[in-house]
Structures are given as C-alpha cells and as structure tokens.
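One structure is given below, encoded as structure tokens.
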Amino acid sequence: MPTRVVQVGLGRWGIDWAETVVPHVAEVEMVGWVEPNPEVLDRVKTRLRARPNQCFPTLDAALSHTSADAVLITANVGAHASLIALALEAGKHVLVEKPFVSTIVEAEQLVDLADRYHLVLMVSQNFRFFPAAITAARLVREQALGPVGAVHIEFRRFVDYAATDEAYGHYSLRQPLLEELSIHHFDLMRMVLGQEPREVYCRAWQPTGSSFQEPPAAAATISFDRGTIVTYRGNWLSGGVETPYGGEWHMECAEGEIMWTCRGDRDVTLNGDHVIIRKRGQPAVPIGLPEMPLFGRRESLATFARAVETGTVTPFASLGRGNIASLALMQAAIASVTTGCVMPVEAIGQGNTKGGLRI
C-alpha cells in the first residue's frame, strides 16, 4: 500500500511540490494538506481539487483527522523544527525540505527523537537523485582516475525576480545563496567525494545593482578530511554563462579529470546532466548515465516512501543524522563570512564564540 502523507506548507515552493512532484510518485497517497494562511488554503482546495475535509490550518488538526503515516514538510525553514517534533511525537515519519533546521542543536535533538521512536527522518537533498551526481560519486568511489586532489565548482545564474513578480520574497531571504542553494552543493561535495569537511574560509558580496538584502554571491575554500581541497564560487547575479543548478564541477584526479553537472532549469527533466572524463594526455570522453524513471524531488519522495515501507534506504538518501554534517558546513561558511576567519566545521553547534558571534 502507498504511504499516506500529509503535506505542511503550501507557499510557492510547497504548491510546486503538490502539483509537479507528488502526483508522479505512485508510492504515496496524499490524505491532507496544511496551510495556516486561509486565503492560500482556499486557493489550494481549487488547484489541487482537494476536499474540504482534507485541508487544515494546523498540523495538529490534520493528524487528528487523517490516517497519515508520514508528514512532508515544505514550510519555511524557521518552522521546520517545531513541525518535525510534532510529527515525530505523533508517531509519523518525516520528509523535510532543505535546509534541515536552523541549528545543529535542533538537528541533533530531532534525530535522537526519531531514533527513540524508530521513525524515518529524511531531508530532501534532491540534487543527490540525479544520474550525473550518482555517476560522479561512483567514479570517485571506484577511483576511475585515481584519488581526487582538487575540485573546482562554479554556479552562475542571473535572477531578476522583480521583473516577473515584485511580491516574491526571495530578495529578503537570509543568505539567499549559502543557505538557500549552496546547501545542495555542500551536500553534494560530501556525497560525491565520500569525505567530510574539516574547515572553510568564505567571503560573500553584493554584485552591482543587487536587490538582495543579504549577499547573493560567495566564494569559499573548503578542506576535507582525506586531503581534497574544494574551491567554490556561486552567484545569483552572475554576468557569465549560466550553469545548471548543480553547478559545473571540475574534479582533478591523479590520472586526469572528471567534469560533470546536473539539475537543469527544471528538476522534471534531465537536460542538465552530463559527465565527461579526460585521462591525462587523451581526449575527453562522455560517460553514459544510468536510466532513472524518477529523479530529483520525485525520487527523493519515492525513496522516503520505500524507507517507510521497508525500513531500508538507498546509499544516497540523506537521513537526518547524516545531513547534520552538510548543515554544519553551510553554517560554518556563513560564520566564516560573518567573522572573516577560517572556520572549523566541528566548531559549529558546540557553543563556541568568536567576535561576539555564537557559532
């Protein structure tokens, strides 16, 4: 039987989940939707053709009036911790949009709670579920070109939200690059390299003409525990040629280079997925990618549902406890921007302070 799911949070991204992701995943059955804004909830009833007894203003009400097995959380990150705790305490499995939660302390408390109740708590790091990312991770694991010494990642986009919808709140987001998007790239670094980050130095800035309240561009140098160094640059207001959302990766190995990218303009096509290898002194060769009937958020949701049903997960699923290191790297990068210092990743969440900032 499919996993019965209640979805919480039906803003712009939440409704996109409800319309373009959920209907394509046979492993789930939606039994309820939660949105505290009554006007938005009314629109949802119409757009999703939902019955009135499936729409609720609070998660408490939804869980009291449905037979849900699990909760899909697509609300703002500030609400994640309380919603996850409520769902787990009610005995429900949880799939939550990235970023996981706001602090490492919250994350650790929640994964402990999930373990206590033997429930699946998974973070939808959907960039993991693209064939190019999976192939790159396999090539590194098999050392197809030897160990990876250095990685260079470029993410370039030019976004002008005001030109299409001035009410869109992306300009006011906290850390619109590092928290909203780079968390995907940080998480992919860990997955593809099979290594854990040790320290990061990061700078962020406002490009000319920016309407963002906080910097939409950043550059970072990250060292990993087996010696690989990653240089990373991302920019929401780049004047360069746009990359896929997964960024352009150049991975320098002992015997050549692996170049790849993933997640094109929409996560419902594979038009952005490519992997090329070049052995030293030889021409570049494209690598065939595995067939994936579902990918991106759709495969993330299907993987979660299968984990609920069987109790097992694929190697690329980002369970809550495993995602803490990705969250810590993201927060360490933000702390480095704020303090101007190289930031040890292990310092995040330990109550350390530097320059008056709790990190």
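Throughout, read-outs are computed from the coordinates displayed, never taken from laboratory work. The structure displayed is predicted, hence computed values, not measured ones. Note that each Cβ is placed from the backbone with ideal geometry, even for glycine, and that neighbours are counted across all protein chains shown.
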> Taking H as built 1.01 Å from N, whose amide H comes closer than 5 Å to the amide H of E199, not counting residues under 5 places away?
Replying inline: S223, V345
> Going by the alpha-carbon gyration tensor, a ≥ b ≥ c the square roots of its eigenvalues, is the stretch 226-359 rounded (a/c under 1.5) or, if a/c is not under 1.5, prolate (a/b greater than b/c) versus oblate?
Replying inline: oblate
> Amide H to amide H, which residues 5 or more places from R4 or on other chains are under 5 Å from it, using H placed in the peptide plane?
Replying inline: E29, D69, A70
>> Taking every alpha carbon pair in the chain, what does the distance histogram look like in 20 angstrom bins from 0, in percent?
In response: 29, 59, 12, 0
> the stretch 92-147 to the stretch 166-199: how many Å between their Cα centroids?
Replying inline: 14 Å
>> Just want the answer: with Cβ charges of +1 for Lys and Arg and -1 for Asp and Glu, which residue in V151, H185, V140 is farthest toward the dipole's positive end in the stretch 128-286?
In response: V140
> What shape does the stretch 128-286 have by the C-alpha gyration tensor, where a ≥ b ≥ c are the square roots of the eigenvalues, rounded means a/c under 1.5, and otherwise prolate means a/b greater than b/c and oblate the rest?
Replying inline: prolate
>> Of all beta bridges DSSP finds with both residues in the chain, what is the antiparallel percent, to the nearest 5?
In response: 60 percent
> Normalised by the residues of the stretch 128-286, what does the relative contact order come to in percent, with Cα pairs under 8 Å and at least six apart?
Replying inline: 30 percent
> Under the Karplus relation 6.51 cos²θ - 1.76 cosθ + 1.60, θ = phi - 60°, what is the ordered set of whole-Hz ³J(HN,Hα) values for the stretch 74-83, x standing for Gly and Pro?
Replying inline: 10, 7, 4, 4, x, 9, 4, 4, 5, 5
>> Given contacts defined as C-alpha pairs under 8 Å and at least six residues apart, what's the relative contact order of the stretch 3-119, whole-number percent?
In response: 26 percent
>> If you average 1/r across every pair of different Cα atoms in the stretch 3-119 and take the reciprocal, what Kirkwood value do you get, in Å?
In response: 14.2 Å
> So what is the 222 nm mean residue ellipticity for the chain from helices alone, if each DSSP H run of at least 4 adds -39500 (n - 2.57) and you divide by all residues, rounding to the nearest 500 deg cm²/dmol?
Replying inline: -9000 deg cm²/dmol
>> Defining a contact as two alpha carbons under 8 Å apart and six or more residues distant in sequence, what relative contact order in percent does the chain show?
In response: 19 percent
>> Can you return the aspartates and glutamates within cross-link range of K279? Criterion is Cα-Cα under 16 Å, with same-chain partners fewer than 8 residues away left out.
In response: E142, E252, E255, E257
